[in-house]
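The values are calculated or read from the model by the stated rules, or taken from the named source; none is laboratory data. Predicted, not measured: the structure shown is a model, and the values here were computed from it. Ideal geometry is used to build each Cβ from the backbone, glycine not excepted, and the neighbour counts take in all protein chains shown. Protein only, heavy atoms only, side chains kept; ligands, DNA and RNA dropped before computing areas. Shrake-Rupley method; radii C 1.70, N 1.55, O 1.52, S 1.80 Å.
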Amino acid sequence: MFPLWDVAWSIITRPLFLASGVIYIYEDLPPVAQDVLWYNPLLHITGLMRTGFYPTYNADYVSHAYVLLIGMTLTALGLILMRRYHRVILNR
C-alpha cells in the first residue's frame with residue numbers, strides 16, 4: 001500500500017541483522033549494550049538456537065514468555081489489519 005515502505009524496510013532491517021546477535025555473543029557485550037539489546041526478540045531466538053546447537057552454551061538471558069508475547073501480539077495486530085484492509089490490498 002505504501003511504495004516508500006519498501007525503501008524504509010530495507011534500511012531498517014540492515015542493522016537488525018547486527019542487533020540480532022548472529023555475529024557476536026550476547027554475554028561478550030558491555031552491560032549497557034546488553035540492557036538495550038535484551039528487548040530485541042530475535043536476540044532471544046538466536047540464543048535459543050545456540051543452546052540447541054552447542055550443548056555447553058547456556059543462554060540465561062533468554063525469555064520464552066517475552067518472545068511468545070511479542071510474537072502473539074504482532075500476529076494479532078497483523079491479522080486485525082489484514083481483516084480491515086484485505087480488500088484494499090487485493091484491489092491494488
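The set of residues in the range 22-33 being open to solvent by 100 Å² or more (accessible area, probe 1.4 Å) and farther than 18 Å from MET49 by Cβ consists of VAL32 alone.
All of (1) within 15 Å of the chain's Cα centre (by Cα); (2) open to solvent by less than 100 Å² (accessible area, probe 1.4 Å); (3) of a type in the set (Ser, Thr, Tyr) hold for TYR39 with one exception: (2).
Quick check on ALA19: is it surrounded by 11 or more Cβ atoms within 10 Å (Cβ to Cβ) and at pLDDT below 85? Answer is yes for this residue. Which members of the range 46-82 meet the condition of being under 19 Å from ILE12 (Cα atoms) and either in a loop (DSSP other than H, G, I, E, B) or open to solvent by 60 Å² or more (accessible area, probe 1.4 Å) (or both)? Of everything in the range 46-82, just one residue is under 19 Å from ILE12 (Cα atoms) and either in a loop (DSSP other than H, G, I, E, B) or open to solvent by 60 Å² or more (accessible area, probe 1.4 Å) (or both), namely LEU74. Of the residues in the range 14-31, not one is among the polar types (S, T, N, Q) and in a helix (DSSP H, G or I). Within the range 6-13, is there a residue that is surrounded by fewer than 10 Cβ atoms within 10 Å (Cβ to Cβ) and either assigned to a loop (DSSP other than H, G, I, E, B) or acidic (Asp, Glu) (or both)? Within the range 6-13 (the criterion being surrounded by fewer than 10 Cβ atoms within 10 Å (Cβ to Cβ) and either assigned to a loop (DSSP other than H, G, I, E, B) or acidic (Asp, Glu) (or both)), the answer is yes, since at least one residue qualifies.
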